[in-house]
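These notes are about the structure you will find just below.
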Amino acid sequence: MKKVVANMTMGNDMSPLFQEVIACMGIPDLEVKKMVYLFLINYARARAEIANLAVNGFEDDVNDPNPLVRAMAIRTMGYIYVERVIESLIDPLRHCLRDRDPYVRKTAAMAVLKLSMFDRSLVEEERFLDMLKDLLADGNPSVVANAVAALTEISERSPHIKLKLNMKIANKLITALNECNEWGQIYILESLMYVVPQDSSDAETIMERIMPRLQHGNSGVVLVAIKVIAYMMNYVSQVDTLEPILRKLSPPLVTLLASGPEVQYITLRNIQLLLQRWPTILQNQLRAFFCKYDDPIYVKLAKLEVILSLTTEENARVVLTELAEYATEIDVDFVRKAVRSIGRIAIKIELAADRCVRALLDLIQTKVNYVVQEAIVVIRDIFRKYPNRYESIIGTLCENLDSLDEPEARAAMIWIIGQYADRIDNSDVVLGTFLESFLDDTAEVQLALLTAIVKLFIMRPTAGQDLVPKVLKWATEDVDSPDIRDRGFIYWRLLSIDPEMARTVVLSDKPEITAEGEKLDMPLLEELLLQVGTLSSIYRKPPSTFIPFAKKRFLGMSPALTRLTIAAPPVSRLPRTMSSAMSQPAAKPATPQAPDMPPALATPRSSNTQLTSSALDISSGAVGGMSNPYINDYTPGPMAGNDAVLIDLMSMEDDEDAVDGGGAAINSGGMVGFNANFG
């Protein structure tokens, strides 16, 4: 048998020995039986007609006086999905669930789970679920843990079975925690997610009793305990009660960072979720997340996200010093992330913006190509956040034009030049240089260049009058991207019909940007917090998106449900500094005249176009005899309603198929449909 199993392990086909191996089932030796059962599990499905011959041997073994033999027989039968073996499993399984030996009972509990995977209806008809419920009151903790694990998994896999536990059962399960091994504790803690406290005191009781699990040596137990506590905090009615609980969660999270890199990464990803929900949970633990020289790159990048979340006005100086040091490392991805983090801090904390800009300028002076390009990208965002404040550094940025070879950096530099075209003397020359490679650039750069040249023409008509016809002609005739063509047509039409309206549209105020790059919507965040410690928290996706049978988890409706949040300290605003002679907005130039278009485009064409529900109204006719014949009449599509539709997850608790991905507020008021016919 050892030789047979050895060959089977190496991939050799040993199924021709099936009948001979079955004959060995009667040998009363535990080691031989283990190998026989291993062989049967491996080949029974492929040789189902011969596997039926093993039924008599199984029936003898489930009645063996040795509990190890009985348990092995039940376990093996649960693995063999052959109809006759399954039929012969039902009666022995019922007896083993009531066996006098706890090892047999806990093995039988898992056999019910395996049987449900083969035939769910059979488990319900034979009332095995009721027998599993009875095992929850068993005196042996291992039996209780396996019964809980089986019920939880069956509930997750079945579309019409939903597990609910009351406080009485929950207290019994928590009592069994101390005597279980790590796996048993994880099973029991996971089952507490099916308890819906009806009172704030119930939630506080459960949290208080599982709090010692936070000091457990197994990281899996700690993460599941944190998940249960995070779940129960939704049912706490007093903020004063939450604060000490959050303080107790901080040390175990920091302790997990002393584990291996894989555990560190999982912990960091889950910390990011917890910080979005409770920003003060790790407010005094910033230095614990500083990167070490030997951390893997994925751990370093995850730590940077946590550092950004923990950065406040008080510790911004320390964080900037640390990030500036990271920006001198040799790992390119890490350096890029560090530079981008400096920009995000400037956007997040206005008090630190000046210091961040100085740090970015110091990094640009290093002349390291990828550092310079990343710095220009984040400075573009800073300009958007704080307009008319840091224009004095544009000259320094323009010194590095020749080193820009990445699309994002080129697009950022073009945006800066276009936005401040009226304050840069040679902006037309610089944009003309970029325009030489227009047809070879990526769509991102082409869109930025198209808009920048139109801005230049609006601000300084004489400087941009030679560039606008060229870029509009290329954008509408020689570029394949529909986005670029559409924008080119819109700009052409605006400049031809109403240049003043073109100024209003193109130079309109930009939406304010924030530093919360990975901020999750509240419904998704709530669902992910119910999956702490699982793949879902790593992927940032609900389990139903990558596991076919996974059910959505919701916060159960209860009078105690509060969703209290302890907000982060407010960020104060600082009067703008670092002003320069260029800081004051330039005087509004005269309205530009429409540019001379190519002869092929000079014939006027009637237009009956109106954009409804908007401040923009393009009437028929042409200004100055200029029109774009490439655009036929626009017909507005159906306007969506302005009313927001909010799907309440709580009301969908018992109707999980009614909505997929619900909980998001759907506001379609700002969407306009177009029917456009281009010549």
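The values are calculated or read from the model by the stated rules, or taken from the named source; none is laboratory data. Since this is a predicted model, take the numbers as computed values, not measurements. Neighbour counts run over all protein chains shown; Cβ positions are idealised from the backbone, glycine included. Just so you know, the surface numbers come from the protein's heavy atoms only, side chains and all, with ligands and any DNA or RNA stripped out. Shrake-Rupley method; radii C 1.70, N 1.55, O 1.52, S 1.80 Å.
Between N52 and D331, take the C-beta separation as r, use R0 = 41 Å, and let me know the FRET efficiency to the nearest 0.05.
So, using R0 = 41 Å, E works out to roughly 0.10.
In whole angstrom, and with the biggest value first, how far do the Cα coordinates of the range 77-220 range along each principal axis?
Sorted largest first, the three principal extents are 50, 31, 26 Å.
Take the Cβ-Cβ distance between D478 and E243 as r, set R0 to 56 Å, and report the resulting FRET efficiency rounded to the nearest 0.05.
Working from the Cβ atoms, E equals 0.35.
Taking one equal scatterer on every alpha-carbon of the range 13-74, how large is log10 of I(q)/I(0) by Debye at q = 0.12, 0.14, 0.21 1/Å?
With no solvent term, the Cα-only Debye profile gives -0.25, -0.35, -0.77.
Within the accessible area of the range 170-229, what % is carbon and sulfur when the probe is 1.4 Å and the other protein chains stay in place?
Percent of accessible area from carbon and sulfur atoms in the range 170-229: 47.
Report, in cubic angstrom per residue, the convex hull volume of the C-alpha atoms of the range 1-156.
Taking only Cα atoms, the range 1-156 has a hull volume of 111 Å³ per residue.
Per residue, how much accessible surface does the range 77-211 expose to a 1.4 Å probe? Answer in Å², no decimals.
45 Å²
Using a 1.4 angstrom probe on the protein heavy atoms only, line up D478, D486 by accessible area, largest first.
D478, D486
For the range 44-136, what is the convex hull (Cα atoms) projected area averaged across all directions, in square nanometres?
5.4 nm²
Could you list the square roots of 5 times each eigenvalue of the Cα gyration tensor of the range 302-441, that is, the equivalent ellipsoid semi-axes, sorted largest first and rounded to whole Å?
The equivalent ellipsoid of the range 302-441 has semi-axes of 27, 17, 12 Å.
Taking 0.36 nm per intervening residue step and subtracting the Cα-Cα distance, what contour gain separates I41 from L535 on full extension?
174.9 nm
Which residues does a label at S259 reach in the range 175-216, if reach means a backbone N under 18 Å from a point 7 Å past the Cα toward the Cβ?
Residues passing the 18 Å test: 181-191, 211-216.
Excluding ligands, DNA and RNA, what is the solvent-accessible area per residue of the range 235-275 at a probe of 1.4 Å, expressed in Å²?
With all protein chains present, the range 235-275 gives 39 Å² per residue.
Looking only at Cα atoms, what is the convex hull volume of the range 425-492 per residue, in Å³?
Hull volume over Cα atoms, normalised by residue count, gives 70 Å³.
What is the extension gain from A137 to L68, computed as 0.36 nm multiplied by their sequence separation minus the C-alpha to C-alpha distance, in nm to one decimal?
Contour length minus Cα-Cα distance gives 22.5 nm.
Of the accessible area of the range 335-415, with the probe set at 1.4 angstrom, what percent is carbon plus sulfur?
47 percent
For the range 165-229, I need the span (max minus min coordinate) of the C-alpha atoms along each principal axis, in Å, sorted largest to smallest.
Computed over the range 165-229, the largest-to-smallest principal extents equal 31, 17, 15 Å.
Skip the ligands, DNA and RNA, and give the accessible area per residue of the range 358-505 with a 1.4 Å probe, whole Å².
37 Å²
Using a 7 Å offset from the Cα along the Cα-to-Cβ direction at both L507 and K172, what is the distance between the two label points in nm, to one decimal?
7.6 nm
Can you give the extra length, in nm with one decimal, that the chain gains between K551 and S250 once fully stretched, where that is 0.36 nm per residue apart less the Cα-Cα distance?
Separation in residues times 0.36 nm, less the Cα-Cα distance, equals 105.3 nm.
Only Cα pairs under 8 Å and at least 6 apart count here; give the relative contact order of the range 94-170 as a rounded whole percent.
Normalised by residue count, the contact order of the range 94-170 is 29 percent.
For the range 225-285, count all C-alpha to C-alpha pairs, find those more than 14 Å apart, and express that count as a whole percent of the total.
In whole percent, the share of Cα-Cα pairs in the range 225-285 beyond 14 Å is 56.
Let me know the Rg and Dmax you get for the range 200-239 when you use only its Cα atoms, in Å.
10.4, 31
With all protein chains present, how much of the accessible area of the range 447-557 (probe radius 1.4 Å) comes from carbon and sulfur, to the nearest whole percent?
55 percent
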